[in-house]
Amino acid sequence: MNQSHFKIVKNEPLTSTVYRMVLEGDTSAITRAGQFINIKIEGLFLRRPISVCDYDDSSITILYKTVGKGTNIMKDLTPSTQLDILTGLGNGYDTTKSGNHPLLIGGGVGVPPMYRLAKNLLDEGKTPVVILGFNTKDEAFYMEEFKQLGIEVLVATADGTLGTKGFVTDIVKSLTAYTYFYTCGPEPMLKALSACTNTSGQLSFEERMGCGFGACMGCSCQTKYGNKRICKEGPVLEKEEIIW
Amino acid sequence: MNQSHFKIVKNEPLTSTVYRMVLEGDTSAITRAGQFINIKIEGLFLRRPISVCDYDDSSITILYKTVGKGTNIMKDLTPSTQLDILTGLGNGYDTTKSGNHPLLIGGGVGVPPMYRLAKNLLDEGKTPVVILGFNTKDEAFYMEEFKQLGIEVLVATADGTLGTKGFVTDIVKSLTAYTYFYTCGPEPMLKALSACTNTSGQLSFEERMGCGFGACMGCSCQTKYGNKRICKEGPVLEKEEIIW
Amino acid sequence: MVNTKVTLSGITLDNPIIPASGTFGYGYEFAELYDINILGSFSFKGTTREPRFGNPTPRIAECTGGMINSVGLQNPGIEKVISEELPKMKKVFHKPVIANISGSSVEEYVYCAEKINAEEQVGIIEVNVSCPNVHHGGMSFGTSPQAAAAVTKAVKTVTTKSVYIKLSPNVTDIVSIAKACEEAGADGISLINTLMGMRIDLKTGKPTIANKMGGFSGSAIFPVAVRMVYQVYEAVNLPIIGMGGVSTAEDVLELMLAGATAVQVGAANLVDPFACKNIIEDLPHVMKKYGIKDLNHIIGGAHK
Amino acid sequence: MVNTKVTLSGITLDNPIIPASGTFGYGYEFAELYDINILGSFSFKGTTREPRFGNPTPRIAECTGGMINSVGLQNPGIEKVISEELPKMKKVFHKPVIANISGSSVEEYVYCAEKINAEEQVGIIEVNVSCPNVHHGGMSFGTSPQAAAAVTKAVKTVTTKSVYIKLSPNVTDIVSIAKACEEAGADGISLINTLMGMRIDLKTGKPTIANKMGGFSGSAIFPVAVRMVYQVYEAVNLPIIGMGGVSTAEDVLELMLAGATAVQVGAANLVDPFACKNIIEDLPHVMKKYGIKDLNHIIGGAHK
Ligand SMILES: Cc1cc2nc3c(=O)[nH]c(=O)nc-3n(C[C@H](O)[C@H](O)[C@H](O)COP(=O)(O)OP(=O)(O)OC[C@H]3O[C@@H](n4cnc5c(N)ncnc54)[C@H](O)[C@@H]3O)c2cc1C
Ligand SMILES: Cc1cc2nc3c(=O)[nH]c(=O)nc-3n(C[C@H](O)[C@H](O)[C@H](O)COP(=O)(O)OP(=O)(O)OC[C@H]3O[C@@H](n4cnc5c(N)ncnc54)[C@H](O)[C@@H]3O)c2cc1C
Ligand SMILES: Cc1cc2nc3c(=O)[nH]c(=O)nc-3n(C[C@H](O)[C@H](O)[C@H](O)COP(=O)(O)O)c2cc1C
Ligand SMILES: Cc1cc2nc3c(=O)[nH]c(=O)nc-3n(C[C@H](O)[C@H](O)[C@H](O)COP(=O)(O)O)c2cc1C
Ligand code: FES
Ligand code: FES
């Protein structure tokens, strides 16, 4: 973990409610895809946890949806604003278990961490397939970015306005040749995936957080392997340990 | 009273702790010298009351000293920042009672309201004399501005580094030919002036305020003529009504 | 169109927004700024039998998200309130008002209630058993179920108006006090009054306000208000006027979900004189945002 | 040079800054960030006899100037705390620590106190009679003078360490409870624990946290903390560890003027992991600003 100041470089809408923010600063604490950062927002007490979508030596990209007070303040922040951020939080995805053909499944604002994960897996010589789920075409984002990585991208929308009509699970059920899966998204989706996948996998959870770095026990969950803090031993849990 | 947004046009130091801020906006609620405004400062609950030093159709000048949280935030605000301000607060000075040769006595940050008052009295064809009191030369401000009005300006500093060594009362005691007095400054100064002046006069008081416009009774004081709210029936009281 | 009308003991309010006692005077300072008849009602400054200057100044201290006041029930006394203030108020406000009364003995409450009972414009008598600023006064009535019940019972015998008991949050068990008031015949419960708080001025090393302690209110106390409204709603069958830190239309909805039928706005009026007007104007929009067609449908909704 | 050393029951602290129980774990998350030996001491997570998972999630809600938690004393139980956590803690912190214990019966407090008494590094046992999250648990002990005294007396018989009773602010009369603890032999008083608070999520219309209510802490509650420290200092002759909303060195001075000998920092650690470090570094500068040469000179200064 690291606490430092980042400068907003870019802050732009991808859809009517999802924004991309690029932040410049010290990224040295980030070690894995699937980790998150915790952002201090002027005037609010708690920080806001957001997954790392991508990063390099000096910048972080996040994608966030405006759902409440904090994210609505964020969307109005202008480039060169400074933000106090904790980085390198959470365990992130373990790519050593992926096999050669892992599925990456992102639902809604669960899509962002899949981006860096896909890059890492590609770097490791694997062939990930990405499945993205949205409610409707207008809410879809980042399909192009994934395609530009040169990987297969499958899309499901609940109303059928884009890709397969239905849920990501409908696509997953139609696939057989995958070796592992990684996912992030709303809890009902995670649960459904856990049931319909025929390999092991890693799932990333959300929980209301007090600190984001393991100090408060605000985010605990019970697993088959004991109590875990979503912010510290999570947000990524293995399919086998989850108690639904 | 009026609530509206003002834009900072200028915000500059006059001494190491006293600043001048010029604000652009709707000044129509201001009717008299000696009135004050109440400024909302982002992040603080209560507004901050500051006297009007001068105003015209579209701008207000205030002089403020950095003494705590609010004023220290104010000093760092940059031009074109918008501020939510209540204007036209308090009774202000009544110039009809001044006679031809009123004394205007300002101590420290009690100096600002004397400036507009002097201008008003001049406009009414009277010959005010201004006495300004400071602790030391380095803390003195606005002498030039008063002189440029073409009036007599006398200065006292506690340590004698400028003007008369001593207090404004030492100067007042040496004068005889004045017809009335107006003053604003620390309470011990007001009390001393009340005792050493040989005419009637008007004194402006400070009190911790909840609202600044008469709603909360936070600022009440007892006078010989009954209870008064410093923010509404004050801040200016007449010498005769004050209970010391 | 959404419905914002709510009913308190037979009195229908156009909306649930009521400026809280002590933060709106008798209304005319605000009537200079906007037509205050848009308000659901308003609760005027706490009235006692005798005129009171209140506590020495300074009476105000700032806090994170709030303020402390130790006004100490400054008011001209019930006679003058009736002869001077209410006639002036009547000119600017034409709906039923809430008369907030206080006292340091059961007799004083009874005296004030009896006098104010004759005033046609008064719809509800709000009995403040909770002001923390009067020594040997309001505080004690609000911290014991027996004392609160005694005041309730006595006041009920002398008035035909609806009687709401305004409770103090500075207690171990708000529910037992609310229940005692219910059993004693109260028509409703107002809560919360201010939390007892204190600040010390680092420059002097002494308490910031002359009376040392005072009543802490403003956004900072909102979670305590939500909690107590929720607890009391669960335990008593009376309408609740909720308050404590309300400053937005969202806050209003939250207190109503907790169990309030109407909502008072206190300290927010002092820092933003248009606070109530803004809340009233925002309310229909915020209702739409959360899919609420009729405010009556959400009262106590968080309990279901 | 200013003096920041203070003494709690014979234990001299380099400075009065102590992370509050439940907001600093067992220290090692913070030890990754800075050398936590700069702290005066620290109070580790509340310990019970049995392991506890605590309450269901969500356990956290945001408030203006603060937060609500309903963690519900998650901890691995006293045996594992001693066998696993304390040895790890010892590696990163080398000063006497404060062991915060909790229980839902006098026997459980006694059990924990007896066990922890054998731990050399424990300087003070802080008995939490105030956690609002355990049903039939801590709450009741902290809301009655008799119960608080009973716990105090029982714990004192089984330990040679100094015993500080940590009080709940959710009471009508904090002074009577503090006095009862003093008479029962307490060595000091810690206060305040969290205020009971609640939030409701407008999107669901239901309480934000699964347990409905929880403990409200952070800057918003500071005025209540100052008030209670002031009241208790006036009434009892024991050292006080003050807390509740402290986030700056100025806040530390204010609580000390009210009567605290040392000061705990809670929620501030969660939103700024460097909060205690920053306060410790600022303290000498802020002392100079207000002309304070020795912190011991200002303890209770506001009462003079
Ligand atoms: C590990 C992790 C990674 C996340 N990554 C992303 C991401 O990449 N993109 C994205 O858009 N969102 C992400 N979220 C969700 C994001 O944290 C919330 O949408 C955000 O905190 C909402 O803040 P707000 O102030 O707008 O909403 P409010 O509802 O006003 O927030 C009130 C409080 O609830 C908390 N809260 C609200 N919703 C959530 C939630 N879903 N999860 C956790 N806390 C919540 C807030 O943090 C805050 O403390 C992530 C959450 C977690 C736990
Ligand atoms: C009618 C009136 C006119 C004033 N005119 C001027 C002026 O022209 N120039 C100027 O420099 N100052 C003036 N003051 C004083 C000014 O209001 C305070 O210096 C300022 O509020 C301090 O705010 P702060 O946040 O910096 O201090 P803090 O000490 O952090 O403020 C804490 C609280 O105390 C209040 N407070 C602190 N000092 C005073 C004070 N002296 N009077 C009233 N409230 C106070 C603040 O408003 C705030 O609510 C005037 C005060 C009044 C009542
Ligand atoms: C300046 C001030 C004066 C008050 N006077 C009274 C009063 O006379 N009678 C009363 O019952 N409550 C009084 N109160 C309490 C408020 O009516 C309200 O219960 C409390 O402030 C909580 O609401 P808020 O957080 O919205 O301010 C007063 C509050 C303030 C801030
Ligand atoms: C997440 C969290 C967990 C807490 N756990 C405990 C605990 O285990 N034992 C205890 O005595 N107090 C506990 N507290 C209370 C704090 O120690 C402290 O008394 C309170 O939060 C007030 O201080 P603050 O406003 O600085 O947070 C906890 C507080 C928080 C925020
Ligand atoms: S959020 Fe504090 S431990 Fe996870
Ligand atoms: S400050 Fe509210 S009445 Fe004067």
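Brief remarks follow.
- All-pairs Cα distance distribution in chain B, expressed in whole percent, bin size 10 Å: 8, 33, 38, 19, 2
- Where the Cα pairs of the range D:17-156 fall when distances are cut into 10 Å bins, in %: 12, 42, 35, 11, 0
- Its DSSP H runs of at least 4 residues, each contributing -39,500 (n - 2.57), put the calculated 222 nm mean residue ellipticity of chain B at -4000 deg cm²/dmol, to the nearest 500.
- For chain C, the spread of Cα coordinates along the three principal axes comes to 50, 49, 41 Å, biggest extent given first.
- The mean sequence distance of close C-alpha pairs (under 8 Å, at least 6 residues apart), as a share of the length of chain C, puts its relative contact order at 20 percent.
- Nearby aspartates and glutamates by direct alpha-carbon distance to A:Lys137 (threshold 13 angstrom, same-chain neighbours under 8 apart not counted): A:Asp159
- Where chain B is rotated onto chain A, the residue of B whose Cβ comes nearest the axis, and that gap in whole Å, is B:Gly43, 3.
- Highest-first arrangement of A:195-208, C:241-254, where packing means the average Cβ count within 10 Å: C:241-254, A:195-208
- DSSP-defined antiparallel bridges as percent of all bridges, chain A, nearest 5: 60
- A point 7 Å from Cα along Cα→Cβ stands in for D:Ser9, and the other copies hold the same point at 5.1 nm, listed in rising order.
- Considering only beta bridges that DSSP places wholly inside the protein assembly as shown, some 55 percent are antiparallel.
- Counting only alpha carbon atoms, the long axis of helix A:112-123 and the longest principal axis of chain A meet at about 70°.
- Charging the Cβ of each Asp and Glu at -1 and of each Lys and Arg at +1, and nothing else, the dipole of chain C about its Cα centre rounds to 280 debye.
- Bridging of B:Lys97 to aspartates and glutamates at a Cα separation below 19 Å is possible for B:Asp123, B:Glu124, B:Glu233, B:Glu238, B:Glu240, B:Glu241, once same-chain residues fewer than 8 apart are set aside.
- Cα-Cα over 27 Å, subset of B:Lys119/C:Lys203; B:Lys224/C:Lys277; C:Lys166/C:Lys212: B:Lys119/C:Lys203; B:Lys224/C:Lys277
- Inverse mean reciprocal Cα-Cα distance (Kirkwood Rh) of the protein assembly as shown, Å: 31.6
- Protein accessible area in the protein assembly as shown, 1.4 Å probe - carbon and sulfur %: 50
- Value of Rg to Rh for the range B:164-244 (Rh from inverse mean 1/r over Cα pairs, i.e. Kirkwood): 1.03
- Total charge dipole magnitude, the range C:137-261, about the Cα centre, Cβ charges on Lys, Arg, Asp, Glu only, Debye to nearest 20: 560
- Reported to the nearest whole Å, the Cα centre-to-centre distance from the range D:182-202 to the range B:9-36 is 46.
- Computed over chain A: relative contact order in percent, which uses C-alpha pairs under 8 Å that are six or more apart: 18
- Relative contact order of the range A:192-244, pairs being alpha-carbon contacts under 8 Å that are 6 or more residues apart, as %: 38
- Among residues other than A:Ile30 with Cβ under 11 Å from its Cβ, the summed charge is -2 (Lys and Arg +1, Asp and Glu -1).
- In the range A:2-89, taking the dipole from charged Cβ atoms about the Cα centre, the farthest positive-side position among A:Thr27, A:Ile62, A:Ile73 is held by A:Ile73.
- Dipole size of the protein assembly as shown about its Cα centre, with +1 on Lys/Arg Cβ and -1 on Asp/Glu Cβ: approximately 800 debye, rounded to the nearest 20.
- When chain A is treated as a GNM with alpha-carbon contacts under 10 Å, the residue of A:Cys216, A:Cys184, A:Cys53 showing the greatest mean-square fluctuation is A:Cys216.
- Helix-only [θ]222 nm of chain D, DSSP H runs n ≥ 4, -39500 (n - 2.57) each, per residue, nearest 500: -9000 deg cm²/dmol
- Summing +1 for each Lys or Arg and -1 for each Asp or Glu among the other residues whose beta-carbon sits under 9 angstrom from that of C:Leu13 gives +1.
- Span from the the range B:212-244 Cα centroid across to the the range B:115-169 one, whole angstrom: 27
- For chain A, the longest principal axis of the Cα atoms and the long axis of helix A:187-196 meet at an angle of about 30 degrees.
- Under 13 Å, Cβ to Cβ, from C:Ile60 - net charge with Lys/Arg +1 and Asp/Glu -1: +2
- One way to sum up the overall shape of the range D:222-304 is the equivalent ellipsoid from its Cα gyration tensor, whose semi-axes run 20, 16, 9 Å, largest first.
- The equivalent ellipsoid that matches the C-alpha gyration tensor of the range B:19-91 spans semi-axes of 19, 13, 11 angstrom, in descending order.
- Between copies, the label points at D:Lys88 (set 7 angstrom from Cα along Cα-to-Cβ) are spaced 6.7 nm, reported in nanometres from shortest to longest.
- Each of C:Val246, C:Asn69, C:Asn15 was scored by the projection of its Cα onto the charge dipole of the range C:6-297, and the greatest displacement toward the positive side belongs to C:Asn69; charges sit on the C-beta of Lys, Arg, Asp and Glu.
- Note: the range A:94-216, Cα convex hull, 115 Å³ per residue.
- Inter-copy label distances at C:Glu119 (7 Å, Cα→Cβ; nm, one decimal): 6.1
The values are calculated or read from the model by the stated rules, or taken from the named source; none is laboratory data. Keep in mind that what you see is a predicted model, and the values were worked out from it rather than measured. Cβ: placed from backbone, ideal geometry, glycine included. Neighbour counts: every protein chain shown. Ligands, DNA and RNA are stripped out before the accessible areas are found, and what is left, the full protein with its side chains, is counted by its heavy atoms. Shrake-Rupley method; radii C 1.70, N 1.55, O 1.52, S 1.80 Å.
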